[in-house]
Amino acid sequence: MQTLHASKCGLSTAQLPSYILDVIDALTKAGFEAYIVGGGVRDLMLGLNPKDFDAVTNATPAQVKEVFGRRCRIIGRRFELAHVYSGRELVEVATFRAPPKKAVTSASGMILRDNNWGTIEQDFARRDFSINAMYYQPRKGIVLDFCHAIDDIKNKTLRLLGDPTLRFEEDPVRMLRTLRFAAKLNFSIAPDILEVFTPEMTQLLRDISPHRLYDESQKLFTMGHLNRVLPMLIDFDIWRQLFADIDPKISTFIERAAINTDQRIQIGKTINPAFFYAVLLWKPFLERCEFYLNKGMVAAEARAQAGLDVLKRQATRTIIPRFAETFIREVWEMQTRLLSPKPQQIQALSTHARFRAGFDFLLLREKSGDHSTQGMGTWWDAYQLMSTDEKERAISQYNRQRAKSRRKAHTDDVLEPKSVSVDIEPLVQETAPRSRRERERKDRSRPERPVQMVTSGGSEIRADHPILKRKRVKRDLNQVVFGPTQ
């Protein structure tokens, strides 16, 4: 172990937010050891801006709860942790861990329970990557480096602590973390990791809960380097373990969506990770829609059933939460509404809760070379920047073009009738005309029925004879006595 001066590592308390110092000071005041550890220390040394900070201490979760009271919540079974709230910020506080006294592992070697407390030296050996195993004590101004991690940071090398095969078997998610750190930090992966990072090893990810894999996929989508990590997922055969029915190929549409996501993160805009799932699953969704349409299903029902099928299939890999599934299906449904909107609904559609996500999706499709959008992505893009009068003129022009296109399509159908026509019985029968004028027009267009003759007692009575016309007599209810009969 070597003790480094924080100032020589480029670290100072001025870089730290008040909430992490509050947690460190409270634990230290209570008589416990407390350090900042993990990605926060690593990112500060690399000159990056950490998203959050984690703390580690020799206090057990129960003791941490005693220090912070109602501000603390203990979570986890496999790895018991304390979540401490400081204002609106959350700090994850872990206890020094020791090697398990009795290994509780699965058949593949994955650790199922790990709540044995130990010393800082034992805790260091339990961490996965060397660059995440530096302990920073801000008040003392020191950094504890047990494995020459400072050299790995200078050389930009990603190295696992211990035997890579054993570490992957203990927790297969470390394979995803390897690719995520390599892409995010632009580090090279150590040769001993590359030797064991085989397609057979990636099969261990099947033992991981689909809920946890979904959380890990969100970290890949939101780290700001999605476009860099996607090819790595394919090269290391991770793609097939995360995504069902999605070809391991990065299309122009997926690439543009990844670049757009990274750009939004870099300029500080918020993103919805479910949006990228909608992009990834778009092709399987279209294929499933085509399957149901060929069966004669109505288009709206085909889209609804296709969405259910695709998301249910993806749940065998990563279980997408219900609210995210709803978002994905609404984005897909918006594509149909944005492609051929009714003129009177354009204004309401532009204020729809899912308009922005649906429009972004449509514009990405159009810029990726999807000609089925018919230029509507550009039309909606221009529409949003118009004044009220310009919007009205644009809608009128769109209505004229829409009517012209319909007339042209009707003319083409008359001149060149299709060789095969299939009559599909409508699900809902047409209702009767509402207005009197429409009823009269319908009666005039209806052919006259032949006059029927009714024979009665040897004499013929025409069908229009008054005796055959029944008139409904309106009864005067004032003359009716209500109550039990006598």
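The values are calculated or read from the model by the stated rules, or taken from the named source; none is laboratory data. Only a predicted model underlies this, so the values are computations on that prediction, with no experimental measurement involved. Every residue, glycine as well, gets a Cβ built from its backbone with ideal geometry; the counts of neighbours run over all protein chains shown.
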| task | Kindly list, by first and then second residue, each pair from a residue in region 156-185 that is at pLDDT 90 or above to a residue that is among the β-branched types (Val, Ile, Thr) and in a helix (DSSP H, G or I), limited to pairs with Cβ atoms under 6 Å and residues at least 6 apart or on different chains. | result | 160/193; 164/193; 164/196; 165/196; 179/229; 183/229
| Does at least one position in region 377-385 carry a residue that is surrounded by 14 or more Cβ atoms within 10 Å (Cβ to Cβ), out of contact with any Cys (no Cβ under 9 Å at 6 or more places or on another chain) and closer than 19 Å to residue 330 by Cβ? | yes
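How many residues are in contact with a strand residue (DSSP E or B) (Cβ under 6 Å, 6 or more places away or on another chain) and surrounded by 18 or more Cβ atoms within 10 Å (Cβ to Cβ) when one looks only at region 43-64?
Keep residues of region 43-64 that are in contact with a strand residue (DSSP E or B) (Cβ under 6 Å, 6 or more places away or on another chain), which gives 53-57, 60-61, 64.
Pick out the ones that are also surrounded by 18 or more Cβ atoms within 10 Å (Cβ to Cβ) and you get 53-57, 61, 64.
Residues that pass the stated criteria total 7.
Going by the structure shown, is residue 53 among the aromatic types (Phe, Trp, Tyr) and in contact with a helix residue (DSSP H, G or I) (Cβ under 7 Å, 6 or more places away or on another chain)? First the steps, then the outcome.
Values: among the aromatic types (Phe, Trp, Tyr): yes; in contact with a helix residue (DSSP H, G or I) (Cβ under 7 Å, 6 or more places away or on another chain): yes.
Spelling it out, residue 53 is indeed among the aromatic types (Phe, Trp, Tyr) and in contact with a helix residue (DSSP H, G or I) (Cβ under 7 Å, 6 or more places away or on another chain).
Name the single residue that is nearest to residue 43 (Cα to Cα) among those in region 186-195 being in contact (Cβ under 8 Å) with a residue 24 or more places away in the chain and in a helix (DSSP H, G or I). Don't jump to the end; show me each part of the working.
The first filter runs over region 186-195 and keeps only residues in contact (Cβ under 8 Å) with a residue 24 or more places away in the chain, leaving 186-190, 192-193, 195.
The next check asks that each one be in a helix (DSSP H, G or I); those that pass are 192-193, 195.
Values: 192: 24, 193: 22, 195: 27 Å.
Here the answer is 193.
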| Residue in region 10-24 that is touching a strand residue (DSSP E or B) at 6+ places or on another chain (Cβ under 8 Å), surrounded by 15 or more Cβ atoms within 10 Å (Cβ to Cβ) and at pLDDT below 90 present | no
| Selection status of residue 31, assigned by TED's automatic domain parsing to the domain that holds residue 122, on the phi > 0 side of the Ramachandran plot and over 37 Å from the mean Cα position of the chain (by Cα) | yes
| Answer from 167, 174, 180 - the residue that is in contact with a Phe, Trp or Tyr (Cβ under 6 Å, 6 or more places away or on another chain) and either part of a strand (DSSP E or B) or farther than 27 Å from residue 22 by Cα (or both) | 174
| Top-ranked residue in region 222-258 [being hydrophobic (A, V, I, L, M, F, W, C), assigned to a loop (DSSP other than H, G, I, E, B) and crowded, with 16+ Cβ neighbours inside 10 Å; ranked as nearest to the chain's Cα centre (by Cα)] | 243
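Residue by residue through region 104-127, note down the ones that are of a type in the set (Lys, Arg) and modelled with pLDDT of 55 or more. Quick ask: steps written out before the conclusion?
Looking only at region 104-127, we keep the residues that are of a type in the set (Lys, Arg), and these are 113, 126-127.
Across region 104-127, the qualifying residues are 126, 127.
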